[in-house]
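Asker: I'd like to ask you about the structure that follows.
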Amino acid sequence: MEPPSRDLPPPALSYEILDVFNLVLTGVFTFEFVVQVMDKGLVMHQGAYLRNSWNLTDSLVLGLSWIDISGLSQTRQARVLRLGRALRPLRLIKRNEGMRLIVDALLATWRPVSMIFLLALCVTTVFAIIGMAMFKGTFSRCTDVTVQWPRGRSDCSGLAWAMPMLVRGPGIDFDSMEGFDVSQAFAMPAVWDAPTENFDSFFRAFVSLLAVNTFNYGEMLVAASASTEKDIMPKHDHNAILAGIFFVVYTIASALFVMNLFVAFIIDGFNQLRQADAIERERKVVYKQFMKTVQQISPHRQPRMPHSRWRVWVREVVLPNRIYDNFFTLCVFFNITVLALFNDSMSEQFQEFYVVQNNVFFALMVVELLVAVCGLGWVRYLQDPWVYIDLLSILGAVVAFLVEESTFIRSFRLVRVLRIVNNVPALRRMLETLSMAVTQIGNVVLLMIVVFAMFAILCVNFLGNVREGTRLGSPTAPWPANPPNFSNFPVAMLLLFQIIQGDEWHQIMHDASVQPPFCTDQFPGVDYGDCGIDFGASVIMFVGFKIVAEFVLLNLFIGMILDAFMKAEDSSVEFHMTKAPIAQAKTSVRRVSKKKEGDRPGA
């Protein structure tokens, strides 16, 4: 919650209250540290507190927290100590066993993943060198829009008219400059400048190709297609064939092949852990099957089925009939299709048809419910958790009849989509298998939130006052009217979510590295300015976030899902007990249960 500088206005709580909270919480963690050390010892013997890597990390965070409380990290010279604030969310990982297991599994894959990093480094290095040979110095252009090919750098001088943004479109002639709004032009010194993504040096070429790995290369492809010669203005599609071949080959070799290998090797790491504890896992599966068998033969009261002739006929003939089941499934498909056609410009005839089909489908849902209840009875019917989807859908239809229809009421009808899952056995089994991984996926989501929080705290402390850029919003303008920035923690979390979705993250990276004279390093009377961090540090921060949050944690979802399907296969392992003893045990238990019921008073 604390802003990047205390010269800024405080957030919802004053700085004094934030200091009290920080001191109290740090004192609690210090007390925990003292108790743990008194119990386990510090470091000198086996099992000591600091011999555990998680405890060592927690101690480091605790030490940096006390340095932060002392005020040393508030000076501009000791800004690096603010890194301790970004490490504080690691305490949550230590206290959650599920997240610890995931992190340990990721650390176990460091060997194959390091090989992938090395392969990606080699491929990107080779293409960076090739890109330098093909495009070095050819992306630059004059800021004077009247200087066109074949003129070049020698003609780029003096005061010239420039445009706020060079826009290309079907109505604009790139060579003659026809179609530009001249009223938006302004006077500025003519400068021979290169775009942020270029191949003028190895480092710039390498960083530019990192943006290509995430498919953010539209502007680079346009610039490469128009490249001519060094110090000569570009010409539209002058080098389109070679540029297209270069970017397509690199995209296939790196973005599609090497990057996707992360998924395979992360899953392979999880499989190695599964093989390491295969015996223990098999014991758990056998124990689970044993307890399932015990539950089957244990005495418990089953709900009594309706015994009338016509209800037995419904239960044994109508409900298992595939024609009956397929008919209602097709009705669901038809109703969902009509719901998808809802729009504001519907004709009167279609509106009448829309209302009629909704009423008919509601009647069919009620009929299906009554038929199932007649055949099974209410108690047996409600034992299936999937029927609650039908009940929720009927409830939404009833509410739509009683209350004026709105967007919220119509959202209840979306529940009908889940009826398809209920009526299609293959989809139902798949969803039940995925539900087995809810806990693991929840741990991955929680781990992602921790990683997001760490990077958000880091960005708020180092980039919270950076001036407005191409994609980075102004820190003084409120969101959402202003593009997101790193001025506070919630907006920083939102911007990081945009970055992980590939929203021109490379431009945000360049905006975060703005340096004088394009910014003010320190405003008068305060200890902050609107400049960013060094370009190299910005590359490390943003590329590191993309690798950890996107290529590792997002791909971890796939590993969790595959692990759930593997566990589903493991659950098919049968407990080694023949059917005869089970049947005999069931008969004996039922006989004893009936005898006890007969001995009860009043039975």
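The values are calculated or read from the model by the stated rules, or taken from the named source; none is laboratory data. Quick caveat: nothing in here was measured; it's all calculated off a predicted structure. Here the Cβ positions follow ideal geometry from the backbone for every residue, glycine too, while neighbour counts run over all protein chains shown. In case anyone asks, the SASA skips ligands and DNA or RNA and just uses the protein heavy atoms, side chains included. Shrake-Rupley method; radii C 1.70, N 1.55, O 1.52, S 1.80 Å.
Asker: Within the stretch 182-204, identify whether any single residue is over 20 Å from residue 507 (Cα atoms), at pLDDT 75 or above and assigned to a loop (DSSP other than H, G, I, E, B), and answer yes or no.
Answerer: Within the stretch 182-204, one or more residues are over 20 Å from residue 507 (Cα atoms), at pLDDT 75 or above and assigned to a loop (DSSP other than H, G, I, E, B).
Asker: Could you name every one of the helices (runs of 4 or more DSSP H) located completely within the stretch 231-350 that has at least 1 residues being exposed (fewer than 11 other Cβ atoms within 10 Å of the Cβ) and either in contact with a Phe, Trp or Tyr (Cβ under 6 Å, 6 or more places away or on another chain) or modelled with pLDDT under 80 (or both)?
Answerer: Values: elements: 240-250, 261-276, 278-297, 309-313, 322-340.
The qualifying helices (runs of 4 or more DSSP H) are 261-276, 278-297, 322-340.
Asker: With respect to the numbered conditions (1) at pLDDT 75 or above; (2) among the aliphatic types (A, V, I, L, M); (3) not in a loop (DSSP other than H, G, I, E, B), which one is the sole condition not fulfilled by residue 160?
Answerer: (1)
Asker: I'd like the full set of residues that are touching an Asp or Glu at 6+ places or on another chain (Cβ under 7 Å) and among the small types (Gly, Ala, Ser), limited to the stretch 201-253.
Answerer: Result: 208, 211, 225, 226.
Asker: Out of (1) in a helix (DSSP H, G or I); (2) at pLDDT below 80; (3) within 22 Å of residue 230 (Cβ to Cβ); (4) polar (S, T, N, Q), the odd one out for residue 146 is which?
Answerer: (1) is the only condition that residue 146 fails.
Asker: While we're on this one: For residue 167, which of the numbered conditions (1) among the aliphatic types (A, V, I, L, M); (2) crowded, with 16+ Cβ neighbours inside 10 Å; (3) modelled with pLDDT under 85 fails to hold?
Answerer: (2)
Asker: Are there any pairs, at least 6 apart or on different chains, whose C-beta atoms fall under 7 Å, with the first in the stretch 8-27 and of a type in the set (A, V, I, L, M) and the second at pLDDT below 80 and part of a helix (DSSP H, G or I), and if so, which?
Answerer: 23/69
Asker: Name the single residue, out of those in the stretch 75-90 being of a type in the set (Lys, Arg) and surrounded by 18 or more Cβ atoms within 10 Å (Cβ to Cβ), that is modelled with the lowest pLDDT.
Answerer: Taking the stretch 75-90 first, the residues of a type in the set (Lys, Arg) are 76, 79, 82, 85, 88.
The next check asks that each one be surrounded by 18 or more Cβ atoms within 10 Å (Cβ to Cβ); those that pass are 82, 85, 88.
Numbers: 82: 62, 85: 67, 88: 73.
Checked the stretch 75-90; the qualifying residue modelled with the lowest pLDDT is 82.
Asker: Check residue 97 against each of (1) open to solvent by 30 Å² or more (accessible area, probe 1.4 Å); (2) at pLDDT 75 or above and name the one condition it does not meet.
Answerer: Failed condition: (2).
Asker: If you scan the stretch 475-492, which residues turn out to be modelled with pLDDT of 80 or more and either surrounded by fewer than 20 Cβ atoms within 10 Å (Cβ to Cβ) or in a loop (DSSP other than H, G, I, E, B) (or both)? Outline the logic, then answer.
Answerer: Of all residues in the stretch 475-492, those modelled with pLDDT of 80 or more come to 484-492.
Answer for the stretch 475-492, where residues must be modelled with pLDDT of 80 or more and either surrounded by fewer than 20 Cβ atoms within 10 Å (Cβ to Cβ) or in a loop (DSSP other than H, G, I, E, B) (or both): 484, 485, 486, 487, 488, 489, 490.
Asker: Follow-up. List the residue pairs whose Cβ atoms are under 6 Å apart, where the first residue sits in the stretch 219-247 and is of a type in the set (Asp, Glu), the second is open to solvent by less than 30 Å² (accessible area, probe 1.4 Å), and the two are 6 or more positions apart or on different chains.
Answerer: Between residues of the stretch 219-247 that are of a type in the set (Asp, Glu) and residues that are open to solvent by less than 30 Å² (accessible area, probe 1.4 Å), the close pairs are 231/152; 237/225.
Asker: Could you check the stretch 508-558 and list, in sequence order, the residues that are open to solvent by less than 20 Å² (accessible area, probe 1.4 Å) and among the β-branched types (Val, Ile, Thr)?
Answerer: Listed by number, the residues that qualify are 508, 539.
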